[in-house]
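See below for the structure under consideration.
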Amino acid sequence: MPKNLSNAVLFAFVFLGISPLDAALAQGSGTVLIDLLDKKTQDPLTCRVQVLNEQGRPVRPRSASQERSWSLIESPLTVRNRKGKYTYRVYRGPEYAAGGGDFELDTNSDGYDVLELPRHANMLEEDWFGGDLGAHMSAKKLLQWLPAEGLTMSVQLGQQIVAQDASEQP
């Protein structure tokens with residue numbers, strides 16, 4: 001593509017509010033939606049999720065908070081990406097069993113699945129609290145991630161104690 005034409009196309013994308021990545025994905029991508037639910041209550045869960053492509057590289061769901069190769073997902077998990085095979089792992093703290101699965105995206109495909117995580121314990125009902133005594137992130141980010149880790153409090157190293165209202169814990 002000539003340089004002037006490619007600059008014009010890029011300008012058009014920016015002017016219309018479309019990123020080149022959005023345009024590329026729209027041409028050859030698929031979407032899968034996965035509900036993350038408590039097996040007994042069928043309530044949606046906030047979880048820590050890792051999605052990997054065929055090469056084992058992390059794929060980051062858009063509009064999700066990220067920490068290293070993990071994404072913070074408030075159910076449902078939505079993955080829109082190029083054609084290929086993907087695996088995912090889901091964690092919801094010590095009270096729930098870990099889960100995961102795999103899916104394949106094809107050009108212009110849509111898929112749906114449900115992952116139900118069985119709960120093994122309810123620490124609040126047993127007067128226990130979960131905490132992290134060595135967190136390395138901002139207080140704002142900690143408050144976002146506490147539910148996904150099944151925790152009610154955390155201590156930032158060299159900072160302060162961050163606590164979630166225990167009545168909000170599922």
- Task: Quote the accessible area belonging to His120 in square angstrom, nearest 10, computed with a 1.4 Å probe and with ligands, DNA and RNA left uncounted.
- Result: 130 Å²
- Per residue of segment 124-134, in order, report the coupling 6.51 cos²θ - 1.76 cosθ + 1.60 (Karplus, θ = phi - 60°) as ³J(HN,Hα) in whole Hz, putting x for Gly and Pro. 5, 5, 9, 6, 10, 10, x, x, 10, 9, x
- Please give, to one decimal in nm, the separation of the simple spin-label points placed at Lys85 and Lys140, each 7 Å out from Cα toward the Cβ. 4.1 nm
- Query: Assuming R0 = 25 Å, what is the FRET efficiency of Tyr112 and Lys40, from their Cβ-Cβ distance, to the nearest 0.05?
  - Reply: 0.70
- Message: Can you return the aspartates and glutamates within cross-link range of Lys85? Criterion is Cα-Cα under 16 Å, with same-chain partners fewer than 8 residues away left out.
- Response: Glu54, Asp102, Glu104, Asp106, Asp110, Asp113
- Within segment 109-155, which GluC sites (Glu not before Pro) sit in a loop by DSSP and count at most 16 neighbouring Cβ atoms inside 10 Å? Glu125, Glu126
- Task: Identify all aspartates and glutamates with a Cα-Cα distance to Lys140 below 19 Å; exclude those on the same chain that are fewer than 8 residues away in sequence.
- Result: Glu67, Glu74, Asp132, Glu149, Asp165, Glu168
- Task: Please give the solvent-accessible surface of Asp113 in Å², to the nearest 10, using a probe radius of 1.4 Å with every protein chain present.
- Result: 70 Å²
- Message: What is the ratio of the Cα radius of gyration of segment 71-157 to 2.2 N^0.38 Å, with N the residue count, to two decimals?
- Response: 1.34
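The values are calculated or read from the model by the stated rules, or taken from the named source; none is laboratory data. Computed from a predicted model, the values in this text were never measured in an experiment. With ideal geometry, Cβ positions are generated from the backbone for all residues, glycine too; neighbour counts draw on all protein chains shown. Just the protein is used for accessible areas: all its heavy atoms, side chains included, with ligands, DNA and RNA removed. Shrake-Rupley method; radii C 1.70, N 1.55, O 1.52, S 1.80 Å.
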